[in-house]
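**Q** Before we start, here is the structure in question, set down as structure tokens.
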Amino acid sequence: MTTISNKLLRERASQFVSYVQEVRGYLHENPEVSGREYETSSFLQKELNGMGLPVQRVSETGLLAVLETGRPGPTVALRADIDALPMSESPDNLLFAKKFVSKRQGVAHTCGHDGHMAMLLGDARVLCQSKDSISGRVLFCFEEGEETGSGIGGMMQALSQYDVSAVWGIHLTSFMETGTISVDPGPRMAGETQVHFEVLGKGGHGSRPDLSINPVFAAAHVLTALGSAWPNRIDANETVTLGIATINGGTAPNIIPDHVKISGTLRFFNVREGAKAVEVLKHVATHAAKAHMCDVRFDDNAFRIGPPVINDAELSEFAARCLRDVLPAGAVVSQDKWYASESFRNYGASYPAVLAFVGARNLQQGMGAEHHNVHFDIDEGALELGLLATVKFATEMLGAGEVQERE
């Protein structure tokens, strides 16, 4: 077995940059929502089979492909998420027309998962090409339903069949400049809990509200009460974001509904404070509704506490050292934690894991809108950096790189 020089690794990665960009474009134009990524899954499986990799279906649409080197060594898992969001997107970014736009009304890749899949397919091609220079095993994890959590259980079960040494993932970010990457240790993305509850009243004719119990007014007061409770009940040294995103009730202007549905999320880095915030929300919602003679019904499947994503300190240090060895000076940066949440936390709970933030912002080209925003767009230059960073990390872990050789 021979080492792989940085020069050779760059050359091999550069061979597949156009492939990664093309794949990302196809996936962006053909998005599918969580748990229903059937065409996406078929496309991914065809690409992986074309590389000679055996593929195992995970859950409904997730995939696990395995590269066996035939030599003893670590098992490294590389992960990408495959789902899009149930929202439409604008054909324009912040300044210009986008290069790729969803062809499916009401579904769009506005978080970067299309880029994650494309980079992982590129990684697989480079690592297959480098098979004779590495030892151990590579697991390519294409996780379904990251946005809803529908695929993480199946993927963790599939990984339990292997002695996994490390897990690597990437998240493209619109708040970091293209050409930068962060693998900081410790908390990186927030813990969360889903919020789903109904305010229950008694429906009736809009002309006689006194004969009904109007849950619309009660729901409005629940939300205003929560807004005032948050700064007074949550620890001033901690942050728990109150992200109420939907309120739905009624079908016509002259019909008072029986109920109003409210949903959203809470995000936090202190799990104990997050659990406390759930109790505050339930207490305030219940009593604010009672003041209007309404009841509250909480969804039993919601309000489950998901911990934050935490990068393993030793693995983060190893990753940073590897990346500084192959990337341009200044590419590896320190970045503040992000209040979005990620199912990647589950990998870190079971194995040493690192989630890398890869910058995809280019404001001169109009790329910098928030994730989950209709104008979200990524700079394709980020894909090349993410591709090279991943294969560098993997080859170092598998004992083929220059950094390992020097130690």
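**Q** Out of 96, 76, 226, whose Cα points farthest toward the positive end of the dipole of the chain (charges: +1 Lys, Arg; -1 Asp, Glu; placed on Cβ)?
**A** Result: 226.
**Q** Still on this model: With a ≥ b ≥ c taken as the square roots of the eigenvalues of the C-alpha gyration tensor of the range 294-396, please select rounded if a/c is under 1.5 and otherwise prolate if a/b is larger than b/c or oblate if it is not?
**A** Oblate, since a/c reaches 1.5 and b/c is not below a/b.
**Q** Taking springs between alpha-carbon atoms closer than 10 angstrom, which of 57, 12, 71 fluctuates most in the Gaussian network model of the chain?
**A** Residue with maximal mean-square fluctuation among 57, 12, 71: 71.
**Q** Determine the shape class of the range 191-298: with a ≥ b ≥ c the square roots of the Cα gyration tensor eigenvalues, call it rounded for a/c under 1.5, and otherwise prolate if a/b is greater than b/c, oblate otherwise.
**A** prolate
**Q** Let me ask you something else. Nearest 500 deg cm²/dmol is fine: what mean residue ellipticity at 222 nm does the chain get from its DSSP H runs of n ≥ 4 alone, each adding -39,500 (n - 2.57), divided by its residue count?
**A** -11000 deg cm²/dmol
**Q** Arrange the following residues from fewest to most other Cβ atoms within 10 Å of their Cβ: 230, 168.
**A** 230, 168
**Q** To the nearest 20 debye, what charge dipole does the range 312-407 have about its Cα centre, counting +1 at the Cβ of each Lys and Arg and -1 at the Cβ of each Asp and Glu?
**A** Result for the range 312-407 is approximately 140 debye, rounded to the nearest 20.
**Q** Right, something else. In what order do 312, 377 fall by count of nearby beta-carbon atoms within 10 Å, going from fewest to most?
**A** Placing the least packed residue first, the sequence is 312, 377.
**Q** In whole Hz and in residue order, list the ³J(HN,Hα) couplings for the range 323-339 that follow from phi through the Karplus curve 6.51 cos²θ - 1.76 cosθ + 1.60, θ = phi - 60°; x for Gly and Pro.
**A** 5, 4, 6, 10, 8, x, 4, x, 6, 7, 10, 8, 9, 4, 5, 10, 7
**Q** In whole Hz, with x marking every Gly and Pro, tabulate ³J(HN,Hα) for the range 39-49 from phi via Karplus 6.51 cos²θ - 1.76 cosθ + 1.60, θ = phi - 60°.
**A** Values, residue by residue: 5, 4, 4, 4, 4, 4, 5, 4, 5, 5, 4 Hz.
**Q** If you don't mind, there's one more thing I want to ask. Within the chain, what percent of beta bridges assigned by DSSP are antiparallel, to the nearest 5?
**A** 65 percent
**Q** Let me ask you something else. Tell me which of 247, 152, 135 sits at the most positive position along the dipole axis of the range 114-250, charges placed on C-beta atoms (Lys, Arg +1; Asp, Glu -1).
**A** 247
**Q** Taking amide H positions as placed 1.01 Å from N in the peptide plane, with prolines and chain starts having none, which residues 5 or more places from residue 89, or on another chain, fall under 5 Å of its amide H?
**A** Answer set, sorted by chain and number: 106.
**Q** May I pose another question? With θ set to phi - 60°, apply the Karplus curve 6.51 cos²θ - 1.76 cosθ + 1.60 along the range 195-205 and write out the HN-Hα couplings as whole Hz, x wherever there is a Gly or Pro.
**A** 10, 9, 8, 10, 9, 9, x, 9, x, x, 6
**Q** Given 357, 307, 206, which one lies farthest toward the positive end of the charge dipole of the chain, if we put +1 on the Cβ of every Lys and Arg and -1 on the Cβ of every Asp and Glu?
**A** 206
**Q** Taking the Cβ of each residue in 128, 294, 322 as the centre, tally the other Cβ atoms inside 10 Å and list the residues starting with the fewest.
**A** Starting with the residue having the fewest Cβ neighbours, the order is 128, 322, 294.
**Q** Right, next: Can you tell me what share of the DSSP beta bridges in the range 44-167 is antiparallel? A percent to the nearest 5 is fine.
**A** That works out to approximately 55 percent antiparallel.
**Q** Out of residues 5 or more away from residue 369 or on other chains, whose amide H comes under 5 Å of its own, with H placed 1.01 Å from N in the peptide plane?
**A** 94, 377
**Q** Around residue 277, under 14 Å between beta carbons, what's the net of Lys plus Arg minus Asp minus Glu among the other residues?
**A** +1
**Q** Using unit Cβ charges (K, R positive; D, E negative) and no other charged atoms, how large, in debye to the nearest 20, is the dipole of the chain about its Cα centre?
**A** 380 debye
**Q** To the nearest 20 debye, what charge dipole does the range 191-298 have about its Cα centre, counting +1 at the Cβ of each Lys and Arg and -1 at the Cβ of each Asp and Glu?
**A** 120 debye
**Q** 5 Å is the cut-off here: which amide hydrogens, built 1.01 Å from N in the peptide plane, fall below it relative to residue 255, excluding neighbours closer than 5 in sequence?
**A** Result for residue 255 returns 206.
Here, each number is a calculation from the coordinates, and none is a lab measurement. Quick caveat, the model's predicted, so the values are computed rather than measured. Reconstructed Cβ throughout: ideal geometry from the backbone, glycine too, with neighbour counts over all protein chains shown.
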